[in-house]
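Trainee: Attaching a single structure in structure tokens format; questions to follow.
The values are calculated or read from the model by the stated rules, or taken from the named source; none is laboratory data. The model shown is predicted, which means the values in this text are computed figures rather than measured ones. Quick reminder, even Gly has a Cβ in these numbers, built from the backbone with ideal geometry, and neighbours come from all protein chains shown.
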Amino acid sequence: MTITTTTARTTALADRLEQGARALAEFASGLTGAEWQTRIPGDGRKVGVVVHHVASMYPLEIQLAQTLANGQPIAGVAWENVHAINAAHAKDQDGVTKDAAIDLLRRNSAAAADAIRALTDEQLDTAAPISLNANAPLTCQFFLEDHAVRHSYHHLAKIRAVVQR
């Protein structure tokens with residue numbers, strides 16, 4: 001028997017994550033082959049790579065949020081690490097297909113939402129230092145909103161600006 005700790009707050013966070021991922025998946029599904037291969041100015045990655053990037057980052061973002069939820073700091077993670085991970089991902093996934101990226105987006109966003117729903121309000125309120133944010137003691141909820149929940153919305157806006165739909 002599985003015990004769930006879903007609260008109104010965790011449900012709302014998870015729902016917002018799913019809404020953003022769904023919007024990104026729906027928009028990406030309608031892209032042409034040429035649009036999928038378009039590079040995002042200032043970023044340099046292809047649209048398709050960015051869709052796959054969002055999908056592939058959910059597990060790490062959730063793992064880090066769970067670290068905070070358990071009262072542990074996020075230490076030793078710098079923006080240089082993030083940029084290196086993103087650059088390696090872009091190289092490795094340069095030829096990612098639309099079907100593969102959207103499938104991963106759907107699966108990983110669902111798993112991320114489930115993980116958020118499993119948190120308690122007390123865990124959402126737990127704060128610890130985050131190295132990405134100058135070691136400021138920030139809450140798990142803030143970290144989720146600033147990373148996993150916001151991620152699809154952030155990149156969808158950039159993709160829409162490039163594709164101009």
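Trainee: What are the residues in the range 3-30 that are β-branched (Val, Ile, Thr) and touching a Ser or Thr at 6+ places or on another chain (Cβ under 8 Å), if any?
Mentor: Looking only at the range 3-30, we keep the residues that are β-branched (Val, Ile, Thr), and these are 3-7, 10-11.
Across the range 3-30, the qualifying residues are Thr5, Thr7, Thr10.
Trainee: I need the full set of residues from the range 1-29 which are small (Gly, Ala, Ser) and free of Cβ contacts under 8 Å to residues at least 60 places away in the same chain, in order please. Walk me through how you get there before you give the answer.
Mentor: Looking only at the range 1-29, we keep the residues that are small (Gly, Ala, Ser), and these are 8, 12, 14, 20-21, 23, 25, 28-29.
Listed by number, the residues that qualify are Ala8, Ala12.
Residue by residue, here is whether (1) modelled with pLDDT of 95 or more; (2) of a type in the set (Phe, Trp, Tyr); (3) farther than 21 Å from Asp146 by Cα holds:
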{"position": "Leu17", "(1), (2), (3)": "yes, no, no"}
{"position": "Ser29", "(1), (2), (3)": "yes, no, yes"}
{"position": "Glu35", "(1), (2), (3)": "yes, no, yes"}
{"position": "Gly48", "(1), (2), (3)": "yes, no, yes"}
{"position": "Tyr58", "(1), (2), (3)": "yes, yes, no"}
{"position": "Gln66", "(1), (2), (3)": "yes, no, no"}
{"position": "Ala69", "(1), (2), (3)": "yes, no, no"}
{"position": "Pro73", "(1), (2), (3)": "yes, no, no"}
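Trainee: What do you reckon, is Ala78 closer than 21 Å to Gly42 by Cα, small (Gly, Ala, Ser), surrounded by fewer than 20 Cβ atoms within 10 Å (Cβ to Cβ) and modelled with pLDDT under 95?
Mentor: Numbers: closer than 21 Å to Gly42 by Cα: yes; small (Gly, Ala, Ser): yes; surrounded by fewer than 20 Cβ atoms within 10 Å (Cβ to Cβ): yes; modelled with pLDDT under 95: yes.
Spelling it out, Ala78 is indeed closer than 21 Å to Gly42 by Cα, small (Gly, Ala, Ser), surrounded by fewer than 20 Cβ atoms within 10 Å (Cβ to Cβ) and modelled with pLDDT under 95.
Trainee: Answer with yes or no whether Gly44 is farther than 23 Å from Asp99 by Cβ, at pLDDT below 95, not aromatic (Phe, Trp, Tyr) and not in a helix (DSSP H, G or I). Can you show your working first?
Mentor: On the way: farther than 23 Å from Asp99 by Cβ: yes; at pLDDT below 95: yes; not aromatic (Phe, Trp, Tyr): yes; not in a helix (DSSP H, G or I): yes.
Judged against the criteria, Gly44 is a match.
Trainee: Look through Arg106, Arg39 and report the one residue that is modelled with pLDDT of 95 or more and touching a strand residue (DSSP E or B) at 6+ places or on another chain (Cβ under 8 Å).
Mentor: When all the criteria are applied, what remains is Arg39.
Trainee: Anything in the range 7-26 that is part of a helix (DSSP H, G or I) and surrounded by fewer than 18 Cβ atoms within 10 Å (Cβ to Cβ)? List them, or say none. Don't jump to the end; show me each part of the working.
Mentor: From the range 7-26, those part of a helix (DSSP H, G or I) are 8-26; that's our starting set.
Matches in the range 7-26: Ala8, Arg9, Thr11, Ala12, Asp15, Gln19, Arg22, Ala23, Glu26.
Trainee: Right, another one. Looking only at the range 123-146, decide whether some residue is closer than 26 Å to Lys46 by Cα and in contact with a helix residue (DSSP H, G or I) (Cβ under 6 Å, 6 or more places away or on another chain).
Mentor: Looking only at the range 123-146, we keep the residues that are closer than 26 Å to Lys46 by Cα, and these are 132, 144-146.
When the remaining residues are screened for being in contact with a helix residue (DSSP H, G or I) (Cβ under 6 Å, 6 or more places away or on another chain), the result is 144.
The answer is yes; a qualifying residue exists.
Trainee: Next question, about the same structure. Which residue out of Ala111, Ala136, Ala127 is closer than 30 Å to Gln37 by Cα and surrounded by fewer than 19 Cβ atoms within 10 Å (Cβ to Cβ)? Spell out the reasoning first.
Mentor: Values: Ala136 fails: closer than 30 Å to Gln37 by Cα; Ala127 fails: closer than 30 Å to Gln37 by Cα.
Of Ala111, Ala136, Ala127, the one residue that is closer than 30 Å to Gln37 by Cα and surrounded by fewer than 19 Cβ atoms within 10 Å (Cβ to Cβ) is Ala111.
Trainee: Does the range 47-73 hold any residues that are of a type in the set (A, V, I, L, M, F, W, C) and under 15 Å from the mean Cα position of the chain (by Cα), and which are they?
Mentor: The initial filter retains those residues of the range 47-73 that are of a type in the set (A, V, I, L, M, F, W, C), namely 47, 49-51, 54-55, 57, 60, 62, 64-65, 68-69.
Residues satisfying the conditions are Val49, Val50, Val51, Val54, Ala55, Met57, Leu60, Ile62, Leu64, Ala65.
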